[in-house]
Structures are given as C-alpha cells and as structure tokens.
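Chemist: Sharing a structure below in structure tokens format, with a few things to ask.
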Amino acid sequence: MASSRGQLETSTLKQNMEDQLDRLMEQLADIEQSKNDLDPCEYEEMKNDTMEQLSEFNLSLTKMKEGNLSLVDDLNNMQLAIQAAISQAFKTPEVIKMFAKKQPNQLRECLQQVERNLKINQISQEDARNKKVEVLTALKKLKEPLSSEEEAYLAKHSSNLGVKFQKIEDDVIIDGGSSNNLGNGKVLKAVKEQVKASSINQ
C-alpha cells in the first residue's frame, strides 16, 4: 500500500514538473512568434524573464532530485533540456519539450514536418537546417539510432553544438547540479547579451 502511494506521488510530481515545463516552453514560443510585433525593449524584458524562470525551475529540479531518487533519470533529462534552452544550444521550444519528455516518436514526426515544410517553401533553408540539427541532436542524446545519412548531416551542420551540449551534460549529470546556481548565473548573463543584440538587430 505504501509502495503504491509512493508511486502515485512520484507520478503526480513528474506530471506537475512536465506541466510547468510545458507552460514555460509555450511562453517562450509565444514570445518568439510575437518578436516582430514587440518593441525591442519589451521583447528583451519578456525573453529574459522567461530565462530567469527556467533557471529557477532548473534549480528546483536539482533540489527535488535530492529528495526523490526514483526521479533522477527523468529530472536529469529535463534539466538537460532546460540548460539547452537557457544556453540557447536548442532554440526551438517544441524540440526542447519533446526532448525533456523523452519523446523520440514525436521528434521523428517533427523531423518529417520540417522536410515537408521545406519542400513547399514554408520554411527557409537556414531555419530547416537549424531545426533539423536540433532534432537529430535530441534523438542522438536520447540514444535513438540515426541513419548513416543523418549522422553525416549532423556531422556536417552541427558546428559546435555537440561540444556545447556535452558541457551541459557534464554540468547536469557529473556535477549533479551542485554548481548549477553559479553556472546558471553565468549562462544567463551571456544569454541576456545575446537577447539584447537580437532585439536591437530585429
């Protein structure tokens, strides 16, 4: 009985964390979609506020892992996704969300959608390439098999994304999140500079 209650509590906790991540990703997506309609200062403020919320959420996950070992694997993956968003290694909210939830089938569907949109000119070559690299990187980090063509594409276009993601992975898993508070502060400072530059150049 106690075991069953514990499993229910763990399941509920995991769902609550996923719901909170969904909300933040939707918030981030809304900001990016409205970028051209926003004043540069307003865009910068809203984007930075969301990054701050992601950083705080990331720290809460670290504390949660210490009290619930059964959630460590799931929360580690969620933290990888959040850190990828904060550092802007991943820039597509839907990819971040699917990676955090370990949804390889949905990532595959996303990849197919990118290809379809490219064929009918609904997305630029550059945007398609960036999104495809994010999806393939997410699949690889989830230990999903990639075809030889996909591996070659990733090697050709991923640039320094693999190195950046490995650093994120080391921070989350090896350090166990103990240094994330300081790390988040440094990353957020760099991101704020990027957001500011982006808002000025829009």
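What follows is calculated from the coordinates using simple rules that are stated; it is not laboratory data. All figures in this text were calculated on a predicted structure; none of them were measured in a lab. Here the Cβ is made from the backbone with ideal geometry for all residues, glycine too, and neighbour counts use every protein chain on show.
Chemist: Among GLN79, GLN20, SER55, whose Cα sits farthest toward the positive end of the charge dipole of the stretch 11-94 (+1 at Cβ of Lys/Arg, -1 at Cβ of Asp/Glu, about the Cα centre)?
Modeler: GLN79
Chemist: May I ask you to order 86-97, 64-75 by the average number of other C-beta atoms within 10 Å around their residues, highest value first?
Modeler: Those peptides, ordered most packed to least, come out 86-97, 64-75.
Chemist: Report the extension gain between ILE120 and GLN7 in nm, rounded to one decimal, defined as 0.36 nm multiplied by the number of residues separating them, less their alpha carbon distance.
Modeler: 36.0 nm
Chemist: In whole Hz, what ³J(HN,Hα) sequence does the stretch 95-101 give by Karplus (6.51, -1.76, 1.60; θ = phi - 60°), x for Gly and Pro?
Modeler: Using θ = phi - 60°, the values come out as 5, 4, 5, 5, 5, 4, 8 Hz.
Chemist: Still on this structure, please answer the following. Using r as the Cβ-Cβ distance of ASN48 and GLN103, and R0 as 35 Å, what FRET efficiency do you calculate, to the nearest 0.05?
Modeler: The pair ASN48/GLN103 has a calculated efficiency of 0.80.
Chemist: Still on this structure: Once you sort the root eigenvalues of the Cα gyration tensor of the stretch 25-152 as a ≥ b ≥ c, which label holds: rounded (a/c under 1.5), prolate (a/b larger than b/c) or oblate (the other case)?
Modeler: oblate
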